[in-house]
Structures are given as C-alpha cells and as structure tokens.
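The values are calculated or read from the model by the stated rules, or taken from the named source; none is laboratory data. Predicted, not measured: the structure shown is a model, and the values here were computed from it. Here the Cβ positions follow ideal geometry from the backbone for every residue, glycine too, while neighbour counts run over all protein chains shown. Protein only, heavy atoms only, side chains kept; ligands, DNA and RNA dropped before computing areas. Shrake-Rupley method; radii C 1.70, N 1.55, O 1.52, S 1.80 Å.
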Amino acid sequence: MNAYLDISPEVKAALEAGKPVVALESTIISHGMPYPKNVETALLVEQTIRDNGATPATIAVIGGRLKAGLSREEIEYLGKTGRGVAKASRRDLPALVARGADGATTVATTMIIAHMAGINIFATGGIGGVHRGAEVTMDISADLEELAQTPVMVVCAGAKSILDLGLTLEYLETKGVPVIGYGTEELPAFYTRESGFGVDYRVDSPEELASMFRAQRDLGYRGGMLVTNPIPAEYAMDKKIIDAAIEKALDEAKAQGIHGKETTPFLLAKVVELTGGDSLESNIKLVLNNAKVAARTANALCC
Ligand code: PSU
Ligand code: MN
C-alpha cells in the first residue's frame, strides 16, 4: 500500500471482505456548494450509498495524508472552511503531501486516490471538461486526462454548460474514454436531461455497466469510464433559466479576469447565487441519484 495513504477502518474492512465500496470527492464539498448544505449533502450522499448496499469512501488530503474514508468531523471541517481549503487536482498532490497540508480532491485526484486504495467506482455531480473558449485559453480540466489514464468508473450527471460540451466529448473520444448514458442516448447537461449531444452507448442497468467495465479491464485498458446519469425529471431545471444564469456567470468571470483553478469554483458559486438556490437543490438531488446508481453498480461489479 502507498505510504501516504490512510484507509479508514470501515472502508478497509469492506475492501478486505470484497464488499462494494464507492468513492466520493471533496471539492464538491469545499468548492462546489455553500455551507451548511455542502456538509448535509455529503453526509446524505454517504447515507444513500449505505442504503444501496455499499460503503462510502469520501476522499481528501488531510495533513498531507491521502484519506480514503473521512470522519464526520473531517467532512464538517472541509465544508466549513470551504474555498479556504486548497482545491487539489493531480498537479497539487506532491506539494500537499510534502508540506503536510490539506486539500479537497477534484474528480482527477479522487480517481487517483481511489485507485491507490483499490476502489474502482466513484460517484459525483459533474466533471470538469473543456471550457468554452479553450481554443484560446487552453483551459481543459485535468479530470479528462485522468479519465484517460486511471481505471475508475465515474458516475456523474454529465457536465455543466459552463463548459463546451461538444469539445469535451471530442476530447474524451480522442483519449478513448467511453461515455455511457444511463437510461439515455443523450448526454445530460447536469441541471437538464438534454444537451443536444449523443453519448457513445446507452446502458439501462447496473449489471450492464458492470459488464462493460469488466470488459474494459479484461482488455487491459489503462483508463476509466464515464457514466452520465440524467437528473430525475422532477428536479430538472428550466433550460432558459439555467442557460441565462450560466451566460451571466461566464460574463462576470471574464470581466473579473478569473482564470486557472479559480474558474470552475467561481462559476459554480455564481450560478447558485444567480438562481437563488434553485440550482443548488437540483445539484443535491442529482448527486444523490448518482450515488444510488454507483452503489448498485458497485454491487454488480463485486458480487
Ligand atoms: N463541476 C461541478 N461541480 C463541482 C466541480 C465541477 O458541477 O464541484 C468540481 C469537481 O471537483 C471537478 C472540478 O473535478 O470542479 C474541476 O475543476 P477544474 O475545471 O478546475 O479542473
Ligand atoms: Mn482549468
């Protein structure tokens, strides 16, 4: 086992017994949602994983240690500190470990640590991708490269249209990452069920997801698989409202010269502010829905 990795007793017991475990990220807690909803949601997501027969392993860096499985206090700390905690993507881990610092893990880093711990499935809200205007800024999330090289299945609700969804799909195609629609042929756009872009394959059951992932492993691929699970219709947002908020958030980011790792957290917070919290409720519901699918797939994968 990696010398920097701490697996919580509960997660360790589950892994040793060959029981299903689902990884969860922590940037969604610190940078993706406001306090206290972020902490409430993180705990509710863990409960949803348990209710669906798997063990949750929320991942973060605490005091330079890579943690798979957090205590309630650690989740509370990340949620309360919010954007005061470093957002840790792949390039940040060496510094955080060497300095004994704390970090909230993005999709990329959560995949890295999950894989180190022997966890092969991970549930979240949305992934990072190719930003709008990336042909000039070259702002492409490290999440996409991680999907190309780390063998973890990521269950999300697609990507927010703060990103260029078409270019994000092109990038994933180039990198050989299968993009699966869960019960849909269309890529979901996080707050809405439709995006106008197709997925590579539609899959309708956790068992079928498990068999595709198994086949990918058996073929000797290095990379992961992206499962996109649409938000339940009753919680989906009005496309016009969310599109207007996203356009406004993008304009403000541009006006304020926001760039680099600040871009995504800035846009996420602005969208919540502009929609008066409606988008936050949708966000919470879709994460819970992804947790359920991931837990069921973890069961199908291991047993
Ligand atoms: N998209 C969301 N919610 C989030 C994120 C993205 O809808 O919380 C977070 C995730 O942790 C994701 C990260 O991995 O932002 C991507 O950041 P960047 O674009 O800087 O790679
Ligand atoms: Mn970026």
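Quick notes on this structure:
- Of the set (1) away from ligand 2 (no atom under 16 Å from the Cβ); (2) open to solvent by 10 Å² or more (accessible area, probe 1.4 Å); (3) in a helix (DSSP H, G or I), all apply to Arg91 but (1).
- Scanning segment 48-86 for residues that are within 16 Å of ligand 2 (Cβ to nearest atom) and either surrounded by 21 or more Cβ atoms within 10 Å (Cβ to Cβ) or closer than 24 Å to Ala3 by Cβ (or both) gives a single hit, Ala86.
- Subset tally (residues that are under 22 Å from Val45 (Cβ atoms) and open to solvent by 90 Å² or more (accessible area, probe 1.4 Å)) for segment 13-23: 1
- The conditions of being open to solvent by 60 Å² or more (accessible area, probe 1.4 Å), in contact (Cβ under 8 Å) with a residue 12 or more places away in the chain and assigned to a loop (DSSP other than H, G, I, E, B) are not met by Arg202.
- Of the residues making up segment 182-238, those that are among the hydroxyl-bearing types (Ser, Thr, Tyr) and closer than 23 Å to Glu170 by Cβ are Tyr182, Thr184, Tyr191, Thr192, Ser195, Tyr201, Tyr221, Thr228.
- The set of residues from segment 222-274 being within 14 Å of ligand 1 (Cβ to nearest atom) and outside any helix (DSSP H, G or I) comprises Gly224, Leu226, Thr228, Asn229, Ile231, Met237, Ile258, His259.
- Residue in segment 247-270 that is surrounded by 17 or more Cβ atoms within 10 Å (Cβ to Cβ), closer than 20 Å to Gly53 by Cβ and hydrophobic (A, V, I, L, M, F, W, C) present: no
- Residue in segment 276-285 that is within 16 Å of ligand 2 (Cβ to nearest atom), touching a residue at least 40 places away in the same chain (Cβ under 8 Å) and within 20 Å of Gly158 (Cα to Cα) present: no
- Only one entry in Ser8, Ser26 is farther than 12 Å from Ala104 by Cβ and either open to solvent by less than 70 Å² (accessible area, probe 1.4 Å) or more than 16 Å from ligand 2 (Cβ to nearest atom) (or both), namely Ser8.
- Residues in segment 180-196 that are open to solvent by less than 80 Å² (accessible area, probe 1.4 Å), assigned to a loop (DSSP other than H, G, I, E, B) and not polar (S, T, N, Q): Gly183, Leu187, Pro188, Phe190, Tyr191, Gly196.
- Residue that is surrounded by the fewest Cβ atoms within 10 Å (Cβ to Cβ) [pool: residues in segment 275-293 that are of a type in the set (Val, Ile, Thr) and assigned to a helix (DSSP H, G or I)]: Ile284
- Residues of segment 95-112 that are assigned to a loop (DSSP other than H, G, I, E, B) and more than 8 Å from ligand 1 (Cβ to nearest atom): Gly100, Ala101, Asp102.
- Test for Leu167: is it modelled with pLDDT of 95 or more, open to solvent by 40 Å² or more (accessible area, probe 1.4 Å) and of a type outside the set (Ser, Thr, Tyr): yes
- Within segment 113-142, tally of residues that are buried (at least 24 other Cβ atoms within 10 Å of the Cβ), within 15 Å of ligand 1 (Cβ to nearest atom) and assigned to a helix (DSSP H, G or I): 2
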